[in-house]
């Protein structure tokens with residue numbers, strides 16, 4: 001008795017198996033971030049770099065989509081001073097202040113904008129729900145490979161604070177995914 005594996009699309013194609021009843025496949029692996037950028041045009045970065053004061057919230061990002069979660073893929077932090085940084089999720093996703101930052105769509109042919117509010121040098125939020133603490137040497141960069149573990153629902157926030165005064169930068173890389 002032989003079993004055929006059909007293509008599932010009605011094209012009439014079937015897959016062969018080896019003499020050991022194994023299906024041989026050649027596969028390509030693609031990250032969800034890459035897929036969302038290419039196919040759905042909804043992968044973004046929010047980034048800033050400026051001379052900050054001590055204990056500043058460098059970058060504050062809130063998901064404003066009522067239908068899609070904002071999945072954070074990476075957080076990058078850099079400073080020209082040796083410093084400590086804190087990644088956190090403020091409980092109050094309300095009004096923020098600072099300089100507005102517009103997300104950049106990573107699919108450069110897309111004109112689709114992110115449904116998010118982002119602020120540099122945010123001053124009204126309160127540090128809460130600490131996700132990660134870290135430190136870097138002067139001129140260093142820290143890359144936190146979150147890999148989609150931070151999921152921001154409607155009005156949820158992620159922020160990064162620094163301790164030292166100096167030229168500091170933060171980048172959030174993320175993509176939207178239909179909320180379940």
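The values are calculated or read from the model by the stated rules, or taken from the named source; none is laboratory data. This structure is a prediction, so every number in the text was calculated from the model and none was measured. Cβ placement follows ideal geometry from the backbone for every residue including glycine, while neighbour counts extend to all protein chains displayed.
None of 4, 23 is free of Cβ contacts under 8 Å to residues at least 12 places away in the same chain and touching a strand residue (DSSP E or B) at 6+ places or on another chain (Cβ under 8 Å) except 4. In a residue-by-residue description of the range 46-54, the property of being farther than 29 Å from residue 113 by Cβ and either outside any strand (DSSP E or B) or at pLDDT 85 or above (or both) applies to at least one position.
Taken over the range 143-162, residues that are within 20 Å of residue 120 (Cα to Cα) and surrounded by fewer than 16 Cβ atoms within 10 Å (Cβ to Cβ) amount to 2. Between 65, 34, the distinction of being within 15 Å of the chain's Cα centre (by Cα) and assigned to a loop (DSSP other than H, G, I, E, B) belongs to 65 only. Within the bounds of the range 115-123, is there any residue that is part of a loop (DSSP other than H, G, I, E, B) and at pLDDT 95 or above? Within the range 115-123, one or more residues are part of a loop (DSSP other than H, G, I, E, B) and at pLDDT 95 or above. Checked against the criterion of being within 14 Å of the chain's Cα centre (by Cα), outside any strand (DSSP E or B) and within 16 Å of residue 172 (Cβ to Cβ), the candidates 72, 146 yield just one match: 146. Given 32, 41, 68, 36, which one is exposed (fewer than 15 other Cβ atoms within 10 Å of the Cβ) and closer than 23 Å to residue 111 by Cβ? Within the list 32, 41, 68, 36, the selection yields 32. When the range 91-112 is examined, which residues are found to be modelled with pLDDT of 90 or more, assigned to a loop (DSSP other than H, G, I, E, B) and under 19 Å from residue 162 (Cα atoms)? Correct list: 98, 101.
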